[in-house]
Each structure stands twice: as C-alpha cells, then as structure tokens.
Amino acid sequence: MFTIKKLDKVLSKINTFFLKLKYNRYLTLKGNNTIHKRVSINTFKFNNSILNITLARGASIKRDVILQGSGEIYLGEKSFIGSFSVVGSNESVRIGKNVMIAQGVSIRDTDHNFTDLDKPMINQGIVTAPIIVKDNVWIGYGAVITKGVTIESGAIIAANAVVTKDVPANAIVGGVPARILKYRGQ
C-alpha cells in the first residue's frame, strides 16, 4: 500500500534531484540527502566569492528553508535544518554530525556595520565571523545564532534563545542574550 508518508519521501527525493540540477554550481550532496519542498538558495556577491553548500551523508533540509550568502555552508552527517529556518553565510557556517536544528532558527555569520553616525547603515558594509556548531547539538525552535559563535559538542540551545557568545560542551543555554542554565547530566 502506498501511504502519504511514502509519497512524501518519493516527492522529496525528486525535489532533491531537481535542486541539485538547478543549483549544481552551489550545492554538493554527499549521499542519501533529502531536500524538501520550497527550499530557497539565494546567492550574494561579497568578496568575489560564491555560495558553497555541502550536505554530508544523510543530512537533510526540511521545507521552506532559506540558504543564502556568498560563503560556505556545511551540514554534517545525519544533521537536519528544520522548516522555516534561515542560514546565512558570507564567510563560513559549519554544522557537525547529528545536529538537530528546529523550526524557525536563524543562523547568520554576518552583521551590518553601524558605527558612522553620518552615513546610512545600509552604506556601511558588513562584518563577518565564522560560526561552528559541533557534533550532537540540539538548537531549539526560534533560536538565533550570531556571527563568531562556536557551540561545542552536546550543547542544547533553548527555544527562542539568542546566542551571542561561545557555548561550552554539554551546556544548556537559554534567554536573551543566552546564558548557561545548567549542564547536561547534572
């Protein structure tokens, strides 16, 4: 019997194939990847580089995700990005193995400059710093990860947290800005 779940899986594989063809210049798939419907890839011009997206074996991207920029986005083995999330990279966003990124998450390695009061912010350019999310991390619904942050292995980012500083291994962080609430296993 052909179920809705099986149909969705087949349609996702077809969508993955067509996105690979359409975005061949920007997208590298390492095997058994799934990219669901309405995933958008938007390239920017910054430092004469082009967007480079790599999905390791078993990595997947859920519906309505936006991947954008001119830098590198790497999604590790068996990791996934939840629906309605945005990953923006003008330098580097590296996500490790077995990482769960919930819905509505924003991960961006770029900020706008705004120090010159005599110049419109839109004309002041941007500043970038790499983001690293190590293995076995869970990023909760609506969280925001800002430029220059490293999230160590085993960490949990609570829903709606805004992460502006590095997160230690196995830490559970939450709040705006995020702070350590406790450690896993305590």
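Each value in this text was obtained by applying a stated rule to the coordinates, not by laboratory testing. All values derive from a computational prediction rather than experimental measurement. Backbone-built Cβ (ideal geometry, glycine too); neighbour counts: all protein chains shown.
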Inset, instruction - For region 1-101, calculate the relative contact order in percent as a whole number, restricting contacts to Cα pairs under 8 Å that are 6 or more residues apart. - result: 21
Inset, instruction - Starting from the Cα-Cα distance between residue 176 and residue 17, subtract it from 0.36 nm times their residue separation and give me the gain in nm to one decimal. - result: 53.3 nm
Inset, instruction - State the answer as a single residue: which of 42, 122, 83 lies farthest towards the positive end of the charge dipole of region 1-148, with beta carbon charges of +1 for Lys and Arg and -1 for Asp and Glu, about the Cα centre. - result: 83
Inset, instruction - Give the Kirkwood hydrodynamic radius (Å, one decimal) of region 120-186, defined as one over the mean of 1/r across all pairs of different Cα atoms. - result: 12.3
Inset, instruction - At 7 Å along the Cα-to-beta-carbon direction for both residue 117 and residue 150, put a label point, then send me their distance in nm to one decimal. - result: 3.7
Inset, instruction - Any chance you could list the semi-axes, whole Å, largest first, of the equivalent ellipsoid that the Cα gyration tensor gives for the chain, using √(5λ)? - result: 27, 23, 13
Inset, instruction - Report, by chain and number, residues whose modeled amide H sits under 5 Å from the one on residue 183, excluding near sequence neighbours (fewer than 5 apart, same chain). - result: 172
Legend entry - DSSP-defined antiparallel bridges as percent of all bridges, region 4-183, nearest 5: 15
Inset, instruction - Describe numerically, in nm with one decimal, the distance between label points set 7 Å from Cα along Cα→Cβ at residue 63 and at residue 98. - result: 2.9
Inset, instruction - Take the Cα coordinates of region 1-76, assign each an equal point scatterer, and use the Debye formula without solvent to give log10 I(q)/I(0) at q = 0.16, 0.25 Å⁻¹. - result: -0.57, -1.21
Inset, instruction - Would you please give the residues with an amide H less than 5 Å from that of residue 92, counting only those at least 5 places away or on a separate chain, with H modeled from the backbone geometry? - result: 72, 131
Legend entry - Point-charge dipole on Cβ atoms (K/R +1, D/E -1) for the chain, about Cα centre, debye to 20: 920
Inset, instruction - Note down the relative contact order for region 4-183 as a percent, whole number, built from C-alpha pairs under 8 angstrom at least six residues apart. - result: 12
